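Worksheet: one structure, shown below.
None of the figures in this text is laboratory data; all of them are computed from the coordinates on show. Because the structure is predicted, anything quoted here is derived from the model rather than measured. A quick note on method: Cβ atoms are made from the backbone with ideal geometry, for glycine too, and the neighbour counts reach across all protein chains shown.
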Amino acid sequence: MADDATRAGQRNAPPAILDYVNRVHVPHDAGLARAFAGPEGIPAIQVGPSDGKLLGLLVRLVGATRVVEVGTLVGYSAIHMARALAPGGQLWSIEYEPRHAEVARANLAAAGVADRATVLVGAGRDVLPTLEAHAPFDVVFIDADKISYDHYGRWALDHLRPGGLVLGDNAYLFGELLDNTDRGRAMRGFHELVAARCDSVCAPTPEGLVIGIKR
Ligand SMILES: C[S@@+](CC[C@H](N)C(=O)[O-])C[C@H]1O[C@@H](n2cnc3c(N)ncnc32)[C@H](O)[C@@H]1O
């Protein structure tokens, strides 16, 4: 009989199985490999290959032409999403660290998506309002400072089209989601806001990925 973790779909497969399914379903070409490896000195905190591919599939499923990402790092998830855009589409990705943004721009160019992916440097809270002229958006993916998830979530829901997707990575908050901390409250606020205004789920990816379809 299945135990609770198995029933919840949250038992991690052994690394060899994860390597196998990533090789089969998410083969890395040179562009993805370069962004996944990242340069020395920049933390390797990008989404995993399956999560990146899932983001791309979601972008494709909604036929997205306008996508916003908060938290570029060096562009790995941005490449997955930019490649999945419908013709004429555009991704705006916001990154606080200028060095990360510089590497991301080079990676996006190497991956052949520089024409449809723009990296904007600054804090998400400051840069998001500058994108409002491009609203309504089809997808907003949140993967930056956890303390701001409720703020980013509210912005996303105010600027997505009905049927658009709000996505939030690290939604288990590294096991600290239920803690009585500012980050815990902000992340719970994000979950509850998305649940109230979307048809939503927290998909049991390794880090937890909130997926909400705006009503
Ligand atoms: C987890 S990484 C993003 C990974 C990326 N989405 C990927 O999967 O390839 C988080 C990034 O958010 C950036 N960041 C942190 N605080 C931020 C803020 N207030 N506004 C924008 N970016 C921020 C960090 O510098 C870091 O590069």
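Using a simple spin-label model with pseudo-atoms 7 Å out from Cα toward Cβ, residue 123 and residue 60 lie 3.8 nm apart.
Does the chain classify as rounded, prolate or oblate by the C-alpha gyration tensor (a ≥ b ≥ c root eigenvalues; a/c under 1.5 gives rounded; else a/b over b/c gives prolate, otherwise oblate)? Verdict is rounded for the chain.
The packing ranking of peptides 51-63, 125-137, highest mean first, is 51-63, 125-137, where packing means the average number of other beta carbon atoms within 10 angstrom of each residue.
Below 13 angstrom from the Cβ of residue 164, what's the summed charge of the other residues (Lys, Arg +1; Asp, Glu -1)?
Values: positive: 66, 161, 197, 214, 215; negative: 138, 158, 199.
Net local charge, residue 164 excluded: +2.
When DSSP beta bridges are limited to those with both residues in the chain, what percentage is antiparallel, rounded to the nearest 5? The antiparallel fraction comes to roughly 35 percent. Note: relative contact order over the chain, using C-alpha pairs below 8 Å and six or more positions apart, is 16 percent.
Can you classify region 94-139 as rounded, prolate or oblate using the Cα gyration tensor, where a ≥ b ≥ c are the square roots of its eigenvalues, rounded means a/c under 1.5, and otherwise it's prolate if a/b beats b/c and oblate if not? Write out the running numbers ahead of the final one.
On the way: a/c = 3.22, a/b = 1.31, b/c = 2.45.
Judged from the Cα gyration tensor, region 94-139 comes out oblate (a/c at least 1.5, b/c at or above a/b).
Evaluate the Kirkwood expression for the hydrodynamic radius of region 50-168, namely the inverse of the mean inverse distance over all pairs of different C-alpha atoms, and round to one decimal in Å.
Working: mean 1/r = 0.0728 Å⁻¹.
13.7 Å is the Kirkwood radius here.
Taking R0 as 35 Å, what's the FRET efficiency between residue 180 and residue 106 from their Cβ-Cβ distance, rounded to 0.05? Efficiency at R0 = 35 Å is approximately 0.25.
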